[in-house]
Each structure stands twice: as C-alpha cells, then as structure tokens.
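These notes concern the structure reproduced below.
The values are calculated or read from the model by the stated rules, or taken from the named source; none is laboratory data. Remember, predicted model here, so these are calculated numbers, not experimental data. Reconstructed Cβ throughout: ideal geometry from the backbone, glycine too, with neighbour counts over all protein chains shown. Heavy atoms of the whole protein, side chains included, go into the accessibility calculation; ligands, DNA and RNA do not. Shrake-Rupley method; radii C 1.70, N 1.55, O 1.52, S 1.80 Å.
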Number of protein chains: 2
Amino acid sequence: MARRNDHSREELQSMAIDAARAIISQEGIEGVSARKVAQKIGYTVGTLYQSFENIHDLVLHANAFTLSELLAELDVAAGASRDPQQRVLKIAETYLRFAEGHERQWAAVFRHSLPRGHIMPDWYQARVDALFALLENALRTLAPRRSRQSIQLASRTLWSSVHGICILHTGDKLFSDSIASPQALLQSLVKHYLHSWLNEGKSG
Amino acid sequence: MARRNDHSREELQSMAIDAARAIISQEGIEGVSARKVAQKIGYTVGTLYQSFENIHDLVLHANAFTLSELLAELDVAAGASRDPQQRVLKIAETYLRFAEGHERQWAAVFRHSLPRGHIMPDWYQARVDALFALLENALRTLAPRRSRQSIQLASRTLWSSVHGICILHTGDKLFSDSIASPQALLQSLVKHYLHSWLNEGKSG
DNA sequence: AGCATAATTGAACAATGTTTAATATTCAAG
DNA sequence: CTTGAATATTAAACATTGTTCAATTATGCT
C-alpha cells in the first residue's frame, strides 16, 4: 500500500494527469481508463476518485493542459511577425502544426464530450477564451479602427474556419485525394478573407 | 424466439439501423449499445452480429444514413438559387440548419471514430465525396474559367471553414458569449472569401 | 417425416466506470 | 510512547459495455 505521505493530493493529481496525457498521446482518448491511469501511477482506482469527480473530470484536466501548451505556442507565434497580416497567417499555421504534432492530444480536446447536463467548468472555459482572444487581438492591431463587433465577427469566422481546416485534415482524413495541402487551404483562407475584409467600406 | 422468416436479413439490418438512429437522436451516440439496439428491434445481441461486424459498423451505417439525408437537403438547396454566389451561401446555410436540426445525428457523424487500423469503407467515403463534389460544382459554375486545381482548393477551403463554423456552434458551445450568430459567421466567410477569390487575377 | 442448414438464443468473458466497507497510515493529544 | 481520531488506500463488488460461441430452434428440401 502506498503510504499516505508519499505524495500530496496535488502531486497525485498531477501524476494522474500526466499519466492520462501519456496514454492519450500513445493510444488516443479511447485508451484512457481509470484502472490504466491508476496502475501507471502506482495506486488503485479508488484513490483516483478522491482527486477527480469522475473519469471525464480527469480527461478534462488533461485536455486543459493541452490547451495551455497550444496557447503558449500561439503566443510565441503571435509575437514573431511584424506584419500584422503575416501574424494572422502565422497563428493559423502554428495551430495547424500543433494539431499535426500533437494529433491525439488535440483530437482528445475536441472529441471529448461531457456527460449530459454537465457544463464546462470556468477554469476550462477560460483557456478556450484565451485562444479566441489571441486572434482577436491580432485582428485589432490589423484594423484598429474597426468596431469591436466587426472584429469579433471576423476573428470568430477566421478561427472557426482555421479550426475546420485542421479538423478535416487530421485524423479522419475526410479528403480522400490529397491534392491540396492543409497549408494551402490556410493560406487561401487567410489571404482571401482578410483581403476582402480589410477593403470593406473603402471600395463599397 | 423470433422466427427466422419474420424478417429478412435486409429488413433486420434496416431495423437495426433505424433503432440506432432513434437512439442517437434521443440520447446521442454515447447512448448506443448493442443490447439496447437489439432490444428495440426484438432480438438479442448475438443476432446483431450476424448483420454487422461490430458496433462501429452499425453506427457507421446509421451515420451514412445521416449523410444521405444531408446530401438530399443540400441538393435541393443547390438547385434553389439562380445566382451562383447566392447558391454557395445557400449551401452553407443549409448545412448549418441541418446541423442544428439534427444535432445529435450530425455530432455522431463527426464524433465517431473507427477502431485503430480500420479504414473507412468505400460506400461511406463515397457519400463524403458527394458532399464535397456538391460545393465543387457550385464553384465551377461560379467561375467556369478557373483551373480544376484552383476550384478544388477553393471548394475545400470553403467547405472546411463552413464545417468549422458549424462544429464550433453546435453542441460544445465553444463561444461563451453569443454576440455573433453562426449565420453571420457564414455570411461573412462566404462573402469575403468569394469576393477576393473571384477577383483574383483581375486586379493583381 | 426426417434431415441438413442456418438463424437465434442465452450464457459466458474481459473490460469499463463507480461505490463502499474494510484496512492501513498518519498525526495530534495525553 | 501509546492511544485514538481522522483519513488515505485498497480490494471487492455492481452494473454495463462489446464480443464470442455452444446449444437450441426454426426452416426448407428430399
């Protein structure tokens, strides 16, 4: 029996989250089970249920970690380019690269669904909001005079679209023939959407 | 014991698929289980396994049905508008409306993942390809002189983007504040992307 | 009617999430 | 240092999952 003070409650939590992340990255989210996580950290299932409400709770923590990693990379990308338009493209490309490089982790974030009736916890929603805010800020510097509403509309349109391109590219491979690379799709999207969006009002 | 000739193999299959679809539309894909489907059609689990390889196979058939429904609605939408650009928007809006109106069915299509190593069957991939072809055709009539490659690139970019908007709108409600409606996002996307795409080469 | 074929069942298996009584460990008080 | 209260941990149990398969039952042909 593991001694009580071998690990604090916090240590145990982060050990479990790490274990879950390891399983996800190797076998995908379907491979995660309470017993497997417990065995990986040298405890039994019951102990897990003292730190996590249920298995969804544990997965949610693992996914939050993934979101934080993603946010960190996007933050770097957002700061790298001088040209604001290049910055938007860079963000999109970094998002795609992350999805490719952490395919199972990333899939886990968007495949996982909470049990019915449960709502997303604040600490999780906060991470998601931070992602959206990132692109919103990039657009704000790109078009400082546009209204808040206009910028929100554009940033969400772009974000959803980039997300859609990544979704359809990774994993399920919905496109049977791979003539157009996802990078090309991103480039086409950002270029054309921004081109028209930036000229809106000027010539119409 | 159900008599052998009560239902032919084909009848049994379609009964099972209908049952699965009913469960999906009521409880979502997580609610589908072999026993529940079997009980709904008045047979036992074992019988299901004579018509379907495994539970994923059954879900796949249910999802294919959903794709066919979607394709039918999109076909109508594509024929409704005279103006080719309006047609593209109409397709996108119809896609969104379908996702909203058949939320669980639609989520089942994109949440379901095959067991590792299994590839998507041809009869399923064919339905997916038909969806893509629909938008591709709309773009072809919109810009008949563009190269095949250019049209493929644009149609996939648009399709992925529309898909992304629908994904982020339904179910998980990733946008915590709902200032911009998904319809507004679609409109913004189609309008701006097409505007720039159509003028490409003319002014640059 | 009897027989071969095949559909259907029911029970079994391992693995899943989750709960809980029993046990082991720690820490503080005497 | 011992005792006892508090609590971390375990092991076993439960229901439910997907899947298989020998046994049973219905069918159709001779």
For the range B:37-46, does any single residue satisfy the condition of being under 26 Å from residue A:112 (Cα atoms) and assigned to a helix (DSSP H, G or I)?
yes
Which one is least open to solvent (accessible area, probe 1.4 Å) among residues in the range A:25-35 that are assigned to a helix (DSSP H, G or I) and closer than 20 Å to residue A:102 by Cβ?
A:31
Restricted to the range A:153-190 and to residues being modelled with pLDDT of 95 or more and more than 21 Å from residue A:98 (Cβ to Cβ), the residue surrounded by the fewest Cβ atoms within 10 Å (Cβ to Cβ) is A:153
Flag for residue B:65 being more than 16 Å from DNA strand D (Cβ to nearest atom), open to solvent by 50 Å² or more (accessible area, probe 1.4 Å), under 30 Å from residue A:114 (Cα atoms) and within 11 Å of chain A (Cβ to nearest Cβ)
no
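May I ask you to say which residue of A:126, A:108 is assigned to a helix (DSSP H, G or I), at negative phi and within 16 Å of DNA strand C (Cβ to nearest atom)? Explain how you work it out, then say what you get.
Values: A:126 fails: within 16 Å of DNA strand C (Cβ to nearest atom).
Unique residue meeting the criteria: A:108.
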Selection from the range B:107-130 of residues of a type in the set (Phe, Trp, Tyr) and open to solvent by 50 Å² or more (accessible area, probe 1.4 Å) yields B:110, B:123
Test: residue in the range A:7-24 that is away from DNA strand D (no atom under 11 Å from the Cβ), in a helix (DSSP H, G or I), more than 22 Å from the chain's Cα centre (by Cα) and modelled with pLDDT under 95:
yes
Within 16 Å of DNA strand C (Cβ to nearest atom) and surrounded by 14 or more Cβ atoms within 10 Å (Cβ to Cβ): is that true of residue B:52 in this structure?
yes
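Just to be sure, is residue A:57 free of Cβ contacts under 8 Å to residues at least 24 places away in the same chain, within 9 Å of DNA strand C (Cβ to nearest atom), out of contact with any Leu (no Cβ under 8 Å at 6 or more places or on another chain) and of a type in the set (D, E, K, R)?
Details: free of Cβ contacts under 8 Å to residues at least 24 places away in the same chain: yes; within 9 Å of DNA strand C (Cβ to nearest atom): yes; out of contact with any Leu (no Cβ under 8 Å at 6 or more places or on another chain): yes; of a type in the set (D, E, K, R): yes.
So residue A:57 passes the test.
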Can you say whether residue B:156 is facing another protein chain (nearest Cβ under 8 Å) and either in a loop (DSSP other than H, G, I, E, B) or closer than 22 Å to residue A:190 by Cβ (or both), as far as the supplied structure shows?
yes
